[in-house]
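Participant: The following block contains the structure, expressed as structure tokens.
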Amino acid sequence: MASSLEKFIHSLDPRALPRVLQIQSGIYFQGSIYEMFGNECCLSTGEVIKVIGFKINKLIASICENNEVSPFSAKVELPLNFPGLYKVVADKTPYVSIEEITRKVSIGPTRFGHPCFYSPEDIKLANLTIKHGEQITFNSVEEVNGTMAVNCGVVRNKQSHSFTLPLSQEGKFYECEDDQIYTLKEIAEWKIPKCRNRIVKLSNTLHTWDSSNPLPENFDGCLILTPVYEVQAVMKFRRDIVHILSDLDVEVEDITDCYDISSFIQPLSLEDVFERTSKEFPMVAEIMDGPSGSQKPYNLLYRGKIYKKYQATRVLASEIRSDSPKRHFLIPMSYKGKFKRRPREFPTAYDLEIARSEKEQLHVVATKAFDSPHKELFPVSVGDQFLVQQCQTSEVLYEGRKKLIDVLACEQILSDTYKKVLLPMYMEGGFVEVIHDKKQYQLSEICKEFNLPFNVKVSVRDLSIEEDVLAAVPGLQFEEEITDSYLLISSASSPVESWEIPVYRLNMSVHLLSKDVQTVVPPVTKTTVEEISEEQYYMVRRYESQTLHPPPRPPKKPT
């Protein structure tokens, strides 16, 4: 049975992919235009395509009154990066089963993927009764004793209780009110159910408004969001992946059950390739869809060899600058440039204690004055210089009583002598490091000899790199070492050098041509410093820091 492409994609469960569609009523834009803004706009009647994925490309927003839309409501098109923070309005239409919720609502590992529902009736389980109106958090979907179920939780008296609900569980389930705020991109990725619209309310007013803003000036009402999807598909006689917007005016019919799906080229993401067993490497692959531009190595990889998969270490570094945005880099241990140290800045005495090391004595200059409330502790003036010794406790007179507090023992540097002083650990001042070390270091030496974070600048650029982006940066802070997944690849046409490409940050689809039985030893690996976006930077830090405990909070200043 034929339906519009828009209706089909809106109701399609991603778990049912891939699907083979036949175009029942095609569309053709006259003239030589074959694509518009990178999206396919010419599909012939009778043509067969294989849909391999889809994602929200943009949103159509209807401006509504009283959370309702009328035929006369104004509609505007909003890109996913449209500014503003939004609150999600709970859907008043109930879901009739747990299976419907899992089919239509995004449930995943991040905080965005933990939707909450309530039932107007009690739910009796084997060892727990969920009371009517009680908030149920959906955490994950998995198989339990051979039956698909949702891992759920409720909180009672600040205690969390976990349980599972089978997908077959029926009843009425309503969305709970959500007091969080989200960007439009986060709502598009996590908060728009399949086959339903989403009402949102602007939480903060836009800081600036001009005539290019599609929303009315001083708008603070509700919007009904309808997604427009970008469909990724493979066509019968093309070797690349085509991108089709779901609002293209075509009729389609799902013919998956009566079509040989193996007759299409099988595109694989880099994650798919990485999941292959090590015995399947090396292999020859052809790029079907990948990053545009002239940056190496991607401009060389129409067809390439993939030698192996592995985990590699990188140093996460950020540009040192007071204004934003900062640039962020992932530097491989093979980087051959050299670095000189740059002074670190410390906002409190507590930060001096954290940075202190046994290898060398920390020498700092005060950049902010501090008047101590205790006569036993030292008042600091701008320009005072100190050698940091150790953390200890000291007895001070506080409100007429003696009290032990944490202090930092230092030596103040005077013109011809040293004076032992104590600084309160809660001291909010400002210190800049004095660098006496003029040595030039390799990256591996810094990671071995010093604690991160660590400030440096490039003193000798890496001559093996055609354009060393780090050399132009006035200062870098090495933040932490991370471990990430990589594939080692080379161009099939001129395999004289190989590159490491990141598996989870590069949006690329390939088609495997054959297993390469000839090449066993890959050519020399070229060093590549990867510049990452702000979003990728926070993703890298979030996943790397999940297993780390945060440092203890600094002591509070007595009131």
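Participant: Output the number of residues of the stretch 410-436 satisfying the condition of being in a strand (DSSP E or B) and either open to solvent by 50 Å² or more (accessible area, probe 1.4 Å) or at pLDDT 90 or above (or both). Give the steps one after another, and end with the answer.
Facilitator: First, pick out the residues of the stretch 410-436 that are in a strand (DSSP E or B): 410-413, 418-424, 428-433.
With either open to solvent by 50 Å² or more (accessible area, probe 1.4 Å) or at pLDDT 90 or above (or both) added as a condition, the list becomes 410-413, 418-420, 428, 431-433.
Summing the residues that are in a strand (DSSP E or B) and either open to solvent by 50 Å² or more (accessible area, probe 1.4 Å) or at pLDDT 90 or above (or both) in the stretch 410-436 gives 11.
Participant: Can I ask one more? In the set K448, K457, K439, which member is assigned to a loop (DSSP other than H, G, I, E, B) and over 19 Å from V382 (Cβ atoms)? Even if it seems obvious, please write down each step before you answer.
Facilitator: Numbers: K448 fails: assigned to a loop (DSSP other than H, G, I, E, B); K457 fails: assigned to a loop (DSSP other than H, G, I, E, B).
From the options K448, K457, K439, the qualifying one is K439.
One line per residue, one yes/no per condition, for (1) hydrophobic (A, V, I, L, M, F, W, C); (2) touching a residue at least 12 places away in the same chain (Cβ under 8 Å); (3) surrounded by 12 or more Cβ atoms within 10 Å (Cβ to Cβ):
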| residue | (1), (2), (3) |
| --- | --- |
| K309 | no, yes, yes |
| D323 | no, no, no |
| I331 | yes, yes, yes |
| I405 | yes, yes, yes |
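Participant: In the stretch 508-527, is there at least one residue being under 18 Å from T313 (Cα atoms) and among the acidic types (D, E)?
Facilitator: no
Participant: Could you check how many residues of the stretch 384-403 are hydrophobic (A, V, I, L, M, F, W, C) and loosely packed, with under 13 Cβ neighbours inside 10 Å?
Facilitator: Of the residues in the stretch 384-403, 1 are hydrophobic (A, V, I, L, M, F, W, C) and loosely packed, with under 13 Cβ neighbours inside 10 Å.
Participant: How about the stretch 1-24: which of its residues are part of a helix (DSSP H, G or I) and surrounded by fewer than 17 Cβ atoms within 10 Å (Cβ to Cβ)? Show your work before the answer.
Facilitator: Here is the first cut: in the stretch 1-24, the residues part of a helix (DSSP H, G or I) are 5-11, 14-16.
Of everything in the stretch 1-24, those that are part of a helix (DSSP H, G or I) and surrounded by fewer than 17 Cβ atoms within 10 Å (Cβ to Cβ) turn out to be K7, S11, P14, R15, A16.
Participant: Right, next: For the subset of the stretch 144-162 comprising residues that are more than 14 Å from E134 (Cα to Cα) and touching a residue at least 12 places away in the same chain (Cβ under 8 Å), which member is surrounded by the most Cβ atoms within 10 Å (Cβ to Cβ)?
Facilitator: Ranking the candidates gives V150 first.
Participant: Can you go through K439, K457 and tell me which one is more than 33 Å from the chain's Cα centre (by Cα) and at pLDDT 90 or above?
Facilitator: K439
Participant: Can you pull out the residues in the stretch 500-521 that are surrounded by 14 or more Cβ atoms within 10 Å (Cβ to Cβ), modelled with pLDDT of 80 or more and assigned to a loop (DSSP other than H, G, I, E, B)?
Facilitator: V503, Y504, R505, L506, M508, listed by residue number.
Participant: Let me ask something additional. Just to be sure, is Q392 under 17 Å from E360 (Cα atoms) and not in a loop (DSSP other than H, G, I, E, B)?
Facilitator: In short, no.
Participant: Restricting the search to the stretch 168-184, which residues are open to solvent by 70 Å² or more (accessible area, probe 1.4 Å) and either farther than 23 Å from S203 by Cα or not assigned by the TED database to the domain that holds K104 (or both)?
Facilitator: Selection gives S168, E170, K172.
Participant: Given L202, L165, which one is modelled with pLDDT of 90 or more, open to solvent by less than 70 Å² (accessible area, probe 1.4 Å) and among the aliphatic types (A, V, I, L, M)?
Facilitator: The match here is L165.
Participant: Identify all residues within the stretch 237-288 that are part of a loop (DSSP other than H, G, I, E, B) and either of a type in the set (G, A, S) or touching a Lys or Arg at 6+ places or on another chain (Cβ under 7 Å) (or both); write none if there are none. Before you say what the answer is, go through the steps one by one.
Facilitator: The initial filter retains those residues of the stretch 237-288 that are part of a loop (DSSP other than H, G, I, E, B), namely 237-240, 246-250, 255, 259-260, 264-267, 275-277, 281-282.
Answer for the stretch 237-288, where residues must be part of a loop (DSSP other than H, G, I, E, B) and either of a type in the set (G, A, S) or touching a Lys or Arg at 6+ places or on another chain (Cβ under 7 Å) (or both): S246, F264, I265, F281, P282.
Participant: Hey, among E466, E481, E497, which residue is open to solvent by 50 Å² or more (accessible area, probe 1.4 Å) and modelled with pLDDT under 85?
Facilitator: On inspection, the qualifying residue turns out to be E466.
Participant: For the condition crowded, with 16+ Cβ neighbours inside 10 Å and of a type outside the set (A, V, I, L, M), what is the one hit in C116, C195?
Facilitator: Within the list C116, C195, the selection yields C116.
Participant: Got a sec? Which of E466, E428, E449 is in contact with a strand residue (DSSP E or B) (Cβ under 6 Å, 6 or more places away or on another chain) and in contact (Cβ under 8 Å) with a residue 24 or more places away in the chain?
Facilitator: Exactly one of E466, E428, E449 is in contact with a strand residue (DSSP E or B) (Cβ under 6 Å, 6 or more places away or on another chain) and in contact (Cβ under 8 Å) with a residue 24 or more places away in the chain, namely E428.
The values are calculated or read from the model by the stated rules, or taken from the named source; none is laboratory data. Since this is a predicted model, take the numbers as computed values, not measurements. For neighbour counting, all protein chains shown are included, and Cβ atoms are generated from backbone atoms with ideal geometry for every residue, glycine included. With ligands, DNA and RNA removed, areas are computed over all heavy atoms of the protein, side chains included. Shrake-Rupley method; radii C 1.70, N 1.55, O 1.52, S 1.80 Å.
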